[in-house]
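In what follows, a single structure is set out as structure tokens and then discussed.
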């Protein structure tokens, strides 16, 4: 069984290994399972809660390995189609109660222009589109600079997940204020 403890430094007034409220480094030690190896490892944090999370992760990985599972991680998420990603992004923007004019511009940019471009270039999944595809001079029809900047910023923040697309609202800034990340 693993446990979390604090390694106190001289300015810390506490000497108790189980004192949770200090900012001293937290460590993990103990046995993994009943017959597993003894470990003593830094949790690489000064937060007791994060150290507990790390301890649980180590225990879960060991249990999964003992059960014959290759990985203790979640299964790979399904690959999103561009159409689904755009729909989820626009839905998240509607939930943010943005102005109707902003939602109309986002709808035009993504549903009409971006999806049209993606269909014409035969991209079907979000992971297929790269910034290099968008940076080509002939990639965006009519050289639409706003569509290119908005889509580049959208992809730069996406990390292949439509849920993270909700973090980017392009219309709060003018195109000249946007950066390419």
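None of the figures in this text is laboratory data; all of them are computed from the coordinates on show. Every value quoted in this text rests on a predicted model; they were computed, and no experiment measured them. Cβ coordinates were reconstructed from backbone atoms using ideal geometry, including for glycine residues, and neighbour counts include every protein chain displayed.
Using 0.36 nm per residue and subtracting the Cα-Cα separation, the extra length available between residue 31 and residue 119 on full extension is 26.2 nm. Placing a pseudo-label 7 Å from each Cα along the Cα-to-Cβ vector at residue 132 and residue 112 gives an inter-label distance of 3.2 nm.
Would you mind calculating the relative contact order of the stretch 1-48 from Cα pairs under 8 angstrom and at least 6 residues apart, reporting the percent as a whole number? The normalised contact order for the stretch 1-48 reaches 37 percent. Put in line by how crowded their Cβ is, counting other Cβ atoms within 10 Å and starting with the fewest, 49, 59, 128 read 49, 128, 59.
A straight line joining the Cα centroids of the stretch 92-113 and the stretch 1-51 runs 48 Å. Spin-label model, residue 96/residue 17: points 7 Å from Cα along the beta carbon direction are separated by 4.9 nm. Among 31, 21, the ranking by other beta carbons within 10 Å of each residue's beta carbon, starting with the fewest, stands as 21, 31. Put a dot 7 Å past the Cα of residue 57, heading toward its Cβ, do the same for residue 38, and the two dots end up 2.5 nm apart. Please work out whether the stretch 1-98 counts as rounded, prolate or oblate from its C-alpha gyration tensor, where a ≥ b ≥ c are the square roots of the eigenvalues and a/c under 1.5 means rounded, while otherwise a/b larger than b/c means prolate and anything else oblate? Since a/c reaches 1.5 but b/c is at least a/b, the shape of the stretch 1-98 is classed as oblate.
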